[in-house]
Amino acid sequence: MKKILLIATACFFSASFIHAQTVTSFAGKVNANPASNFSNVTADVDDAYFYLPEGLTWDSKGNLYVTESNKIRLIRGGKAYNRSGKLGDPSFSLGYKNGTGVAAEYYNPTSAVVDASDNVYIVDAENHAIRKLTSFKNVGDGQVSSTFAGANPVGGWGTSGYKDGSKTGARFNTPKGITMDGSGNLYVTDFLNHCIRKITASGNVTTLAGKGTEAGNKDATGGANVRFTTPYGIAMLDANTLVMTDLGNAAIRKVNISTGSTTTICGGLGSKDGSLAEARFRSPRGIAVVNGLIYVCDGTAIRVIDEQNGTVSTFAGSTSQTGNKDGVGADARFGNLYGMGYDGGNAIYVTDQRNHIIKKVTIDNLAPTADFSVTKSNIEINEEITITDISGGKPATKRSWKIEHTDGTTTNVVVVQGDLNKDKDITVKFKATGVYKVTLDVTNEFGNDVVSKSVINVSTVGINEVREASFLDVYPNPVTGNLINLHLDQGSFNNTVVRLMDLRGNVVTQETAFSGTDFQLNLPELAKGVYYVLIQDEQLIATKKVMVH
């Protein structure tokens with residue numbers, strides 16, 4: 001029999017699963033009666049009761065802070081801890097008091113941000129102040145709350161007003177959102193003063209955009225000429241620009257952090273996807289920026305703004321239906337969304353105040369989805385082929401390849417192994433026959449993924465005839481017992497290695513057929529799925545797909 005080139009079906013199966021804006025429950029039990037259901041003790045995140053959760057922010061250790069009606073909660077290791085704020089019935093535990101741990105008091109804090117030292121700056125909305133919470137050390141070490149900007153408590157409550165000044169000399173009127181630039185400056189949406197305030201790291205408060213106490217809807221190149229109506233959420237769009245939700249105008253606006261120059265990206269009251277000019281919003285509040293895209297909490301839906309392509313679309317949830325349902329994209333349901341936070345990876349988190357819970361929303365096309373292609377699957381010894389990284393998601397910052405023989409021997413097992421980050425292509429040459437598995441491991445700033453495929457089949461030099469594996473019969477197929485029969489319509493077995501392999505190229509079982517045209521392969525207990533029978537000797541290499549039901 002002439003030597004035959006392997007004609008095998010390449011197994012293109014990836015280890016990754018793509019998540020397209022998948023919404024999952026993250027923390028909290030649906031709370032229909034928050035005045036009676038509240039958590040005063042440490043609880044698993046699934047068992048904790050929240051009351052009007054809103055602000056979300058992370059420190060450098062991965063701790064998540066949540067602002068709610070009367071306190072600041074911290075989530076770490078799957079548990080929710082009360083870190084600051086008075087315990088008890090939330091509707092009777094509001095106040096304004098600086099102190100350590102549960103000795104502190106708040107009145108509807110709405111958002112928070114963490115500085116480079118892990119200090120937490122909290123917008124204490126109804127106390128009209130910005131509070132500072134010292135960094136987390138350990139569960140037993142209480143965090144101290146103090147007033148960073150805005151009036152100190154008078155008679156147990158804050159003092160509203162409009163005044164630029166230093167630290168406690170400044171005045172706010174129901175501030176809502178907060179963010180921080182790379183220099184440590186804070187930016188606050190001063191809700192009922194209808195303006196954006198800037199607070200330096202030393203505590204000096206100035207008005208960046210808008211005219212305090214005067215509402216309106218006006219873009220302008222000078223900050224004092226800009227008009228907002230009840231600005232709410234705020235985030236850094238880039239190093240020099242803020243993006244914010246102008247709730248009263250149902251608009252999304254951006255503000256230069258140096259000049260206060262403001263332009264409207266899109267908006268107007270309604271509920272419509274489309275171009276930037278066509279898009280309308282119902283009640284935009286929380287906002288976050290991920291990979292240049294702007295995500296907005298808009299009532300019962302998360303909207304996404306692609307300024308570069310000029311579009312607004314519904315990312316998750318429904319603009320017309322409420323509820324509480326995990327799901328993908330439009331299949332998910334929310335009650336009423338307020339706060340939004342980005343975890344620095346491939347997910348945003350939102351607070352649903354109607355249900356008093358926190359949801360996680362995975363963003364597709366950020367984390368890598370490993371995949372590759374080959375120029376040829378069936379080659380001869382010493383023939384070169386090119387393997388190309390075609391992974392999805394953002395481009396990899398690191399990629400590692402491993403190409404190995406699948407027969408488990410110690411000879412010529414690894415052809416290529418190591419980090420080859422410069423190019424997406426690698427060129428390889430093989431010195432031994434057989435089936436080879438390629439593993440690609442890719443990493444970017446949003447995550448990591450790995451894929452393995454048994455995809456390269458190498459035959460002996462000098463092949464002048466190509467024949468498909470139609471000469472190999474395998475039965476019963478689907479498999480119904482612990483034996484499968486192999487029959488060669490042409491030629492005969494001659495010390496032929498017979499392997500059963502799974503889709504990743506792993507050998508499940510292996511025996512040798514010494515002669516004849518028929519052979520029985522003994523099978524172990526097999527999980528349901530797809531397998532491949534591979535036969536190989538000096539005369540032939542062939543494969544056949546086998547189903548196990």
Say each of Lys61 and Ala432 gets a label point 7 Å from the Cα, pointing the same way as Cα to Cβ; how far apart are those two points in nm? 5.0 nm
The stretch 485-549 accessible area per residue, 1.4 Å probe, protein heavy atoms, integer Å², reads 48 Å²
Residues meeting the amide H criterion for Lys398 (H placed from the backbone, H to H distance under 5 Å, 5 or more places apart or on another chain) are Thr443
Ordering of 480-486, 277-283 by packing [mean C-beta count within 10 Å, highest first]: 277-283, 480-486
Distance from the Cα centre of the stretch 432-460 to that of the stretch 20-47, in angstrom? 42 Å
As a test of the definition: which semi-axes, in Å, follow for the chain when you take the square root of five times each eigenvalue of its alpha carbon gyration tensor? Largest first, please. 61, 25, 20
Average silhouette area of the stretch 221-305, convex hull of alpha-carbon atoms, in square nanometres: 5.1 nm²
Karplus couplings for the stretch 74-85 from phi (6.51 cos²θ - 1.76 cosθ + 1.60, θ = phi - 60°), rounded to Hz, Gly and Pro as x? 10, 10, 8, x, x, 10, 9, 10, 7, 9, 7, x
How many angstrom lie between the C-alpha centres of the stretch 163-187 and the stretch 290-333? 29 Å
Once the Cβ-Cβ distance between Ser117 and Asn522 is put in as r, and R0 is 60 Å, what FRET efficiency do you end up with, to the nearest 0.05? 0.40
Put a dot 7 Å past each Cα toward the Cβ at Asn495 and Val154; how far apart are the dots in nm? 9.9 nm
In a shell of Cβ-Cβ distance under 14 Å around Ile199, excluding Ile199 itself, what net charge do Lys and Arg (+1) and Asp and Glu (-1) give? +2
Lysines with Cα under 23 Å of Lys359, excluding same-chain neighbours fewer than 8 positions away: Lys29, Lys61, Lys71, Lys79, Lys176, Lys325
Multiply the residue separation of Arg282 and Lys360 by 0.36 nm, subtract the distance between their alpha-carbon atoms, and state the gained length in nm to one decimal. 25.9 nm
Label point distance in nm, Thr509-Thr311, each placed 7 Å from Cα along Cα→Cβ: 5.2 nm
Distance in Å, no decimals, from the C-alpha centre of the stretch 470-548 to the one of the stretch 235-260 is 64 Å
In the chain the accessible area split gives carbon plus sulfur, as whole percent at 1.4 Å, a share of 47 percent
If R0 = 22 Å, then Ala32 and Lys325, at their Cβ-Cβ distance, give a FRET efficiency to the nearest 0.05 of 0.85
Hey, which lysines would be in cross-link range of Lys398, C-alpha to C-alpha under 19 Å, not counting anything within fewer than 8 residues on its own chain? Lys422, Lys424
A chain fully extended from Asp537 to Thr42 at 0.36 nm per residue, minus the present Cα-Cα distance, gains in nm 171.8 nm
Residues Thr259 and Leu483, FRET efficiency given R0 of 51 Å [Cβ-Cβ distance, rounded to 0.05]: 0.05
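The values are calculated or read from the model by the stated rules, or taken from the named source; none is laboratory data. Note that the coordinates shown come from a computational prediction; the quantities given were computed from them, not determined experimentally. All Cβ positions, even for glycine, are placed from backbone atoms using ideal geometry, and neighbour counts span all protein chains on display. For accessibility, only protein heavy atoms count, side chains too; no ligands or nucleic acids. Shrake-Rupley method; radii C 1.70, N 1.55, O 1.52, S 1.80 Å.
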